[in-house]
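The values are calculated or read from the model by the stated rules, or taken from the named source; none is laboratory data. Not measured: the values here are computed from a predicted model. Please note: Cβ atoms are built from the backbone with ideal geometry, for glycine as well, and neighbour counts cover all protein chains shown.
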Amino acid sequence: MEQFARVLRKDGQPLRYLIVDDSVFARKNLSRMIESFGGQVAGEAGDGRAAITEYGRLHPDLVLMDITMPEMEGIEAAELIVRQHAEARVIMVSSVGYQENIVAALQRGARHFVQKPVKAEVLYEVIKYVMGEECVVAKSATQGS
Amino acid sequence: MKMELIQPFINAADAVLAQNLNCQTRLGHFTMEESAYHSKGVAAVVTVVGDIEGRIIFDVEPATATRMASIMAGIERQESHELVRETICELANQVIGNAITTLNDQGFRFKVHPPQVHEGEGMKSNEDTEALVMCFDTDSGKVFMNIAMHYKRRRRGEQL
């Protein structure tokens, strides 16, 4: 995997992520990317309902949220998380990226959208954009696998 | 089934397989099948509902599934049977999700349900509607997509 300069919190600590996807494969894939950005996986969830619980428990810096999931879909979960935690930063990560879906996600609280298959360099830029001044980019790159 | 429904699946499969498997894909043969579909081994079934309704089966042989899962995990051989299933499921999700995105942006309105994975050559679709079967050749093996969809409603502004 490509090497990236680490994206850290302002205090120099790794960004903590909650990854929400019903696919174990997709969660593993996103975890690998996050680690290559110098981030830390704080937790995982397989559906929207579990994501809400995990967010309340972990308070991650960022949530990467799939849309099509059993139990509760990602857009609804994003809305409920943001309603309870106004500071939450949710990035939707889905293969279903039509315009109406993206607009609905953004209107209901998501900060950005990344279409699957995810390109690491795209996700990296989106994370920096969403974190804005709350993150710093370290000079040294991470050692990717 | 009209070409306007099929082309997005061809484009999506080509792009998604090429990116995930890091190889060129070649579109192989097309066939129309009226009988129930028999799986090649590892099949992910995605149901769509809305202006267009039906189902798409993304299907590969077990050895192909293992090769694809190994490439996508970046390891020599994926030993976890569960992760092989998961990988095929996610590939199906990405191909079908990208095709659905194109169709929605063209004016159709419908939703997909999460993929359901079935294993074993005995898996058989339970409907007898006409389906289009497409085959894609990749360096890991053949990928089959069986598409059975029909118009429930035309696009906004069009008549049936």
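Just checking, does the stretch A:38-50 include any residue being surrounded by 23 or more Cβ atoms within 10 Å (Cβ to Cβ), more than 13 Å from every other protein chain (Cβ to nearest Cβ) and either closer than 17 Å to A:A110 by Cα or in contact with a strand residue (DSSP E or B) (Cβ under 7 Å, 6 or more places away or on another chain) (or both)? Yes, the stretch A:38-50 contains at least one residue that is surrounded by 23 or more Cβ atoms within 10 Å (Cβ to Cβ), more than 13 Å from every other protein chain (Cβ to nearest Cβ) and either closer than 17 Å to A:A110 by Cα or in contact with a strand residue (DSSP E or B) (Cβ under 7 Å, 6 or more places away or on another chain) (or both).
Just so you know, in the stretch B:2-25 the residues that are surrounded by fewer than 17 Cβ atoms within 10 Å (Cβ to Cβ) and outside any helix (DSSP H, G or I) include one that is farthest from the other protein chains (Cβ to nearest Cβ), and it is B:K2. Does A:E73 satisfy the criteria of being touching a residue at least 12 places away in the same chain (Cβ under 8 Å) and within 10 Å of chain B (Cβ to nearest Cβ)? Here the answer is yes, as A:E73 does meet what is asked. In the stretch A:93-111, the residue that is farthest from the other protein chains (Cβ to nearest Cβ) out of those that are of a type outside the set (S, T, N, Q) and assigned to a helix (DSSP H, G or I) is A:L106. Taking the numbered list (1) within 13 Å of another protein chain (Cβ to nearest Cβ); (2) not in a strand (DSSP E or B) in turn, A:E79 passes all entries but (1). A:S140 meets all of the listed conditions (1) touching a residue at least 60 places away in the same chain (Cβ under 8 Å); (2) loosely packed, with under 14 Cβ neighbours inside 10 Å; (3) under 28 Å from B:V112 (Cβ atoms); (4) not basic (K, R) but one, namely (3).
Specify which of the listed residues (B:A44, B:A92, B:A65, B:A69) is modelled with pLDDT of 90 or more, buried (at least 22 other Cβ atoms within 10 Å of the Cβ), of a type in the set (G, A, S) and not in a helix (DSSP H, G or I). Step through it out loud before you land on a result.
On the way: B:A92 fails: not in a helix (DSSP H, G or I); B:A65 fails: not in a helix (DSSP H, G or I); B:A69 fails: not in a helix (DSSP H, G or I).
B:A44 is the lone residue from the list that is modelled with pLDDT of 90 or more, buried (at least 22 other Cβ atoms within 10 Å of the Cβ), of a type in the set (G, A, S) and not in a helix (DSSP H, G or I).
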